[in-house]
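This report concerns only the one structure given below.
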Amino acid sequence: MDDKNLMENILLLEKGVCGLFMHGTIESPTDRVRQAFSTALNDALRMQDDIYDKMAAKGWYPTEQVEQSKINTVKQKFSAQA
């Protein structure tokens with residue numbers, strides 16, 4: 001497995017962890033438990049951001065600029081449905 005695939009797998013795992021911590025935060029029965037999950041979620045989100053930054057710096061997570069007209073089209077589509 002090369003470094004790019006390894007980083008992709010780590011990022012996917014971290015995203016899954018974030019989802020678990022988010023649900024733990026939402027479903028927590030007490031403030032102490034909620035705070036523990038919330039702290040863990042924030043730490044995991046920072047780690048996910050660090051992983052993304054490292055991948056983007058190496059060109060392993062390319063992004064592209066979207067034309068404003070396409071953004072406007074999507075906005076209009078969803079505002080009409082509301």
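The values are calculated or read from the model by the stated rules, or taken from the named source; none is laboratory data. Quick caveat: nothing in here was measured; it's all calculated off a predicted structure. For neighbour counting, all protein chains shown are included, and Cβ atoms are generated from backbone atoms with ideal geometry for every residue, glycine included. In case anyone asks, the SASA skips ligands and DNA or RNA and just uses the protein heavy atoms, side chains included. Shrake-Rupley method; radii C 1.70, N 1.55, O 1.52, S 1.80 Å.
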Q. About its Cα centre, how strong a charge dipole does the chain have in debye, to the nearest 20, once Lys and Arg get +1 and Asp and Glu get -1 at the Cβ?
A. 320 debye
(Q) Just the number please: accessible area per residue for region 15-82, 1.4 Å probe, all protein chains included, in Å². (A) 82 Å²
Q: Calculate the spin-label point distance for T39 paired with L13, positioning each point 7 Å from the Cα along the beta-carbon direction, and give it in nanometres.
A: 2.4 nm
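Top to bottom by accessible area (1.4 Å), largest first, where do V33, V66 land? Kindly include the intermediate steps, with their values, before the conclusion.
Numbers: V33 55, V66 85 Å².
Of V33, V66, the descending order of accessible area is V66, V33.
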Q.
Taking all protein chains in place and a 1.4 Å probe, what share, in percent, of the accessible surface of the chain do carbon and sulfur account for?
A. 57 percent
Q: In nm, give the distance between the simple-model label positions of K77 and D31, each being 7 Å from the Cα along the Cα-to-Cβ direction.
A: 4.4 nm
(Q) Just want the answer: with Cβ charges of +1 for Lys and Arg and -1 for Asp and Glu, which residue in M22, A44, W60 is farthest toward the dipole's positive end in the chain? (A) M22
Q | Residue-level accessible surface for M22, protein heavy atoms, 1.4 Å, Å² | A | 80 Å²
**Q.** For the chain, alpha-carbon Rg over 2.2 N^0.38 Å
**A.** 1.49
Q: Just reorder S69, S38 by solvent-accessible area, largest first, 1.4 Å probe, all chains present.
A: S69, S38
